[in-house]
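Participant: Okay, here's the structure, questions in a sec.
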Amino acid sequence: MTAPRIYIDGQEGSTGLRIRQILEGRDDIALQLIPAADRKDADVRRQFLREADIAVLCLPDAAAAEAIDLVGHNSSTRIIDTSTARRTDSDWVYGLPELSPSQRQAIRCGDRVANPGCYPIGFILAVRPLIEAGLLDADFPLTIIAVAGCSGGGRKMIEAYQEAEAAPQQGDAAIPLSLYGLDGAHKHLPEMQQFSLTNHPPLFVPSVDDRYCGMLVSTPLPSASFRERGVSKQRIWDTWNDVYGGEPFVNPVAPGDSGDFLRDGSFLDLDGANLTNRVDLFVFGNEASGVVLVGRQDNLGKGASGNAVQCLNLMLGFDEETGLTADRQAC
């Protein structure tokens with residue numbers, strides 16, 4: 001039996017490179033790699049795209065749209081698009097297998113799958129089950145405070161951090177932690193609202209740290225956000241565990257175990273899930289004043305490349321864990 005042909009369009013970017021690293025060496029697929037000299041040749045790209053069984057687009061929005069046009073309407077090529085533009089498009093399947101009981105089957109059968117954004121995954125997986133269970137009020141205005149490694153910003157951001165680290169000024173080792181997206185129009189907001197089931201887009205405050213990868217997505221919930229006062233951390237975990245208890249890549253951490261993940265008993269590091277396809281879900285705080293939901297993942301793992309490979313496996317009819325790990329490593 002001929003191995004399915006997989007083409008990564010954008011294989012040199014951070015997302016594409018990680019996907020390539022995950023897929024290389026697998027004998028159950030045939031990885032198609034375009035020569036570097038031909039990456040911008042539309043005719044050569046068209047041939048690679050149309051001859052692939054699945055094309056994974058690791059491109060900015062406009063370039064991804066161009067690739068979809070190159071595939072055309074009559075091609076049998078199935079597509080996983082890691083760009084932003086099609087995540088809330090009803091003609092595309094949202095590629096988050098753990099979203100609902102029916103989502104895996106939708107991905108398996110999908111010809112056009114939109115890979116989720118990195119920040120939305122930690123938020124959606126934490127919040128959606130609480131709204132579905134009737135614990136969290138869907139009308140309550142939510143806030144997200146998040147931090148990610150610089151690889152989430154693409155090549156230019158990575159190069160800026162690498163240059164700063166190579167040539168520190170006045171003893172500074174790197175660019176300090178910085179807020180961004182402060183205009184309130186971050187590209188992830190539409191999918192955050194739609195797939196979390198909140199009735200309003202959250203107030204989103206992202207930041208970038210001097211790490212290559214890793215991510216923490218925190219959602220503070222004052223007690224007034226719950227439909228019933230006194231919703232406990234245990235009840236939140238029970239709700240998560242009912243939904244994700246059998247999931248290979250979602251790890252709801254019981255409140256009594258959360259301290260084991262804190263450095264020096266106080267600090268939750270953003271790189272604790274790096275080089276895995278795992279997202280850790282934590283609930284901190286207390287029932288009197290409120291709690292904080294935290295999703296931790298590798299922004300290039302479950303937040304991008306790993307999740308795309310998980311979708312790829314499902315679309316091919318393979319075990320979705322093939323080539324992926326939930327084991328903790330270091331970036």
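Participant: With +1 assigned to the C-beta of every Lys and Arg and -1 to the C-beta of every Asp and Glu, and no other charges, what is the dipole magnitude of the chain about the Cα centre in debye, to the nearest 20?
Facilitator: The calculated dipole for the chain is roughly 340 debye.
Participant: What is the helix-to-structure angle for 42-51, meaning the angle in degrees between its Cα long axis and the longest Cα principal axis of the chain, kept from 0 to 90 and rounded to the nearest 10?
Facilitator: 80 degrees
Participant: Explain nothing, just the number: relative contact order of the chain, from Cα pairs under 8 Å at least 6 residues apart, as a whole percent.
Facilitator: 18 percent
Participant: Suppose we keep just the DSSP beta bridges with both residues in segment 119-301; what percent of those would be antiparallel, to 5? Please report the intermediate quantities before stating the final value.
Facilitator: Numbers: 24 of 34 bridges.
Percent antiparallel among DSSP bridges in segment 119-301 is about 70.
Participant: Treating only the Cβ atoms of Lys and Arg (+1) and Asp and Glu (-1) as charged, compute the dipole magnitude of segment 119-301 about its Cα centre; round to the nearest 20 debye. Walk me through the numbers on the way to the answer.
Facilitator: Values: 12 positive and 23 negative charges, 63 e Å.
With only Lys, Arg, Asp and Glu charged at Cβ, the dipole is about 300 debye.
Participant: Among A37, A126, A67, which one moves the most in a GNM of the chain with springs linking Cα atoms closer than 10 Å?
Facilitator: A37
Participant: Have a look at the DSSP beta bridges in the chain and tell me what percent are antiparallel, nearest 5.
Facilitator: 50 percent
Participant: Within the chain, how many lysine pairs that are 8 or more places apart, or on different chains, have C-alpha atoms less than 27 Å apart?
Facilitator: For the chain, qualifying lysine pairs total 6.
Participant: Let me ask another. Quick check: the distance between the Cα centres of segment 265-321 and segment 1-52, to the nearest angstrom?
Facilitator: First find each Cα centre; the distance between them is then 26 Å.
Participant: Further, regarding this structure: State the extension gain, in nm to one decimal, for the chain segment bounded by N286 and A106, taking 0.36 nm per residue of separation less the distance between their alpha-carbons.
Facilitator: So the chain would gain 61.0 nm between N286 and A106.
Participant: Given only helices, namely DSSP H runs of n ≥ 4 each adding -39500 (n - 2.57), what is the per-residue ellipticity at 222 nm of the chain, to the nearest 500 deg cm²/dmol?
Facilitator: After summing the helix terms and dividing by the residues of the chain, the value is -8500 deg cm²/dmol.
Participant: Now a separate question. Over segment 119-301, what is the relative contact order in whole percent, taking alpha-carbon pairs under 8 Å and six or more residues apart?
Facilitator: 30 percent
Participant: Work from the charge dipole of segment 119-301 (Cβ charges, +1 for Lys and Arg, -1 for Asp and Glu, about the Cα centre) and give the residue of F140, L182, L216 farthest towards its positive end.
Facilitator: F140
Participant: Label segment 176-331 by shape, choosing from rounded, prolate and oblate, from the square roots a ≥ b ≥ c of the eigenvalues of the Cα gyration tensor; if a/c is under 1.5 it is rounded, and otherwise prolate applies when a/b is larger than b/c, oblate when it is not.
Facilitator: rounded
Throughout, read-outs are computed from the coordinates displayed, never taken from laboratory work. Keep in mind it's a predicted model, so treat the numbers as computed, not measured. Note that each Cβ is placed from the backbone with ideal geometry, even for glycine, and that neighbours are counted across all protein chains shown.
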